[in-house]
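Undergrad: Sharing a structure below in structure tokens format, with a few things to ask.
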Amino acid sequence: MTTAFLTNWIYVAVFIVAGAAMVVGILLMSRLVYPIHPSPEKYSTYECGIEPVGDSWHPFAVRYHIFALLFLVFDVEAIFLFPWAITFRRLGTSGFVEVLVFIAVLAVGLAYAWLKGALEWV
Amino acid sequence: MSEAACHALGLAGFGALATAAWATVLYDLVIVLVVLVGVLSIAAGLTWFERRLLSFFQDRLGPNRVGPAGLLQPLADMVKMFFKEDWIPPFADPALFVLAPAIIIVSVLLAFVVVPVTGSFVIADLNIGLLFFLAMSSLGVYSVALAGWSSASKYSVIGGLRAAAQMMSYEVFMGLALTGVVLLSGSFDLNRIVAGQRGLWYVVPQLPGFLVFLLAGFAEMRRIPFDLVEAESELVAGYRTEYSGMKSGMFLVGEYLGMTLISALIVTIYFGGWLGPGLPGFVWFLIKIFIFIAFFILVRATLPRPRYDQLMDLGWKILLPLCLVNLAVTGAIILAVQR
């Protein structure tokens, strides 16, 4: 059992190495044959042919940050639900009720974020 | 099987036990190779398949000049891509710029490790297969976000930011949708999930979960209608605006690999995987996968792209509550049946 478990992970490692080697190989092979013709126009940022204005790493909407926070909350919820799901039959009704309470608490959190307008983009 | 194989390979000198072990290792390495080559060929072939099918939906012919029915088109495209200037912009972050396309290919390929083609034909029958898939598919967000960020182009940065928020959000819904299946099967092992569907495909008891997983799959693999990260009508090519040559090609292959992966996972988790009457398992598996790939392409030919706020609304206001209700109802029904 333990050996099979370890062997499986060795094949995962083999796959990582094979995949990475393939990517590196393709890029190197392409590097050998492609032409390089630099020109000043080519080396400026693409902005539909117009001279680029300002820095590209500009400030961005704070909305993205709020969704990152929401993601954190609900991804941790998912992580908590996975072990519950796998032991579900053993935990029975009491475990189910406890998880319902847990989901309800987070649902209240979602409703709060919703009412506060955290889910609106405009 | 393994003993016969090792005699055939003339490895008998190691002693019976060692030989059997070596033959097993060899057999497993062959599986690794077959999956790697097979998956990449499918992804390459899909570039042709998608263009032909899209043409069919739009009453055109599509690529039909290179080889019989245009079948050699992917090869011609690949050769062309090798000879295209593949530059790293001087204003970009060179290390991340090269790393991003590599991450997408390797992470999607890794997710294929746990997909059972048949009961025994699987690279690594991990007991946490489902979690491994979720982990690998969520690594994809690094690729797209880093590609956008490191390109230092305004279109790319916006594309990368959109990708980060979109893929992170839909990853949550994907995970929560799969929890329902874990409740039914009591296992993360994809082989056991397939075996649990001998009587009834999980799509029937888990229809809401399947719908959420399907939509999240579209968003996670950045397929139309949820391709707002590259939305060509507003962002040129989004996160990959500054990419050219083979690196751009890698994002393309990564997208097709992703489409194959999501189809394979939908089939494995909700449509009975390799189970089916008459034909061998892997044939059933491929038939089902191609039905879903064709569905992905049909959707691309049919649906327009939503606005970004509509995409996030759909996720957080509809799919997330739906997932949680689905979870509660599934649990209640299982408990009621157990009584």
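The values are calculated or read from the model by the stated rules, or taken from the named source; none is laboratory data. On a predicted model such as this, the values are computed, not experimentally measured, just so you know. Please note: Cβ atoms are built from the backbone with ideal geometry, for glycine as well, and neighbour counts cover all protein chains shown.
Undergrad: Confirm whether B:K247 is within 11 Å of chain A (Cβ to nearest Cβ), in contact with a Leu (Cβ under 8 Å, 6 or more places away or on another chain) and surrounded by 23 or more Cβ atoms within 10 Å (Cβ to Cβ).
TA: So B:K247 fits the description; yes.
Undergrad: While we're on this one: What are the residue pairs meeting all of these: first residue in the stretch B:148-177, first residue on the phi > 0 side of the Ramachandran plot, second residue surrounded by fewer than 24 Cβ atoms within 10 Å (Cβ to Cβ) and not polar (S, T, N, Q), Cβ atoms under 8 Å, and 6 or more apart or on different chains?
TA: These pairs meet every condition: B:A152/A:W57; B:A152/B:P89; B:A152/B:F91; B:A152/B:A92; B:A152/B:D93.
Undergrad: Please determine, by comparing only the residues of the stretch B:123-149 that are surrounded by fewer than 24 Cβ atoms within 10 Å (Cβ to Cβ) and among the hydroxyl-bearing types (S, T, Y), which one is nearest to the other protein chains (Cβ to nearest Cβ).
TA: B:S138
Undergrad: Name the residue that is surrounded by the fewest Cβ atoms within 10 Å (Cβ to Cβ), counting only residues in the stretch B:49-89 that are in a helix (DSSP H, G or I) and of a type in the set (D, E).
TA: Once the filter is applied, the top-ranked residue is B:D77.
Undergrad: Could we say that B:Y256 is under 30 Å from B:A92 (Cα atoms) and under 17 Å from the mean Cα position of the chain (by Cα) here?
TA: Judged against the criteria, B:Y256 is a match.
Undergrad: If you check B:L54 against the conditions, is it within 24 Å of B:L265 (Cβ to Cβ) and either among the aromatic types (F, W, Y) or at pLDDT 85 or above (or both)?
TA: Considered against the rule, which asks whether it is within 24 Å of B:L265 (Cβ to Cβ) and either among the aromatic types (F, W, Y) or at pLDDT 85 or above (or both), B:L54 comes out as yes.
Undergrad: Residue by residue through the stretch B:90-122, note down the ones that are crowded, with 17+ Cβ neighbours inside 10 Å and more than 30 Å from B:Y239 (Cα to Cα).
TA: B:P116, B:V117, B:T118, B:V122
Undergrad: Next question. Out of (1) outside any loop (DSSP other than H, G, I, E, B); (2) within 27 Å of B:V172 (Cβ to Cβ); (3) within 7 Å of another protein chain (Cβ to nearest Cβ), the odd one out for A:Y11 is which?
TA: (2)
Undergrad: Of the numbered conditions (1) assigned to a helix (DSSP H, G or I); (2) more than 10 Å from chain A (Cβ to nearest Cβ), B:G272 satisfies every one except a single condition; which is it?
TA: All conditions are met except number (1).
Undergrad: Now a separate question. What residue, of B:L110, B:L126, is of a type outside the set (D, E), within 27 Å of A:A21 (Cα to Cα) and in contact (Cβ under 8 Å) with a residue 60 or more places away in the chain?
TA: Answer to the selection: B:L126.
Undergrad: Related question: For A:S56, which of the numbered conditions (1) within 7 Å of chain B (Cβ to nearest Cβ); (2) at pLDDT 80 or above fails to hold?
TA: (2)
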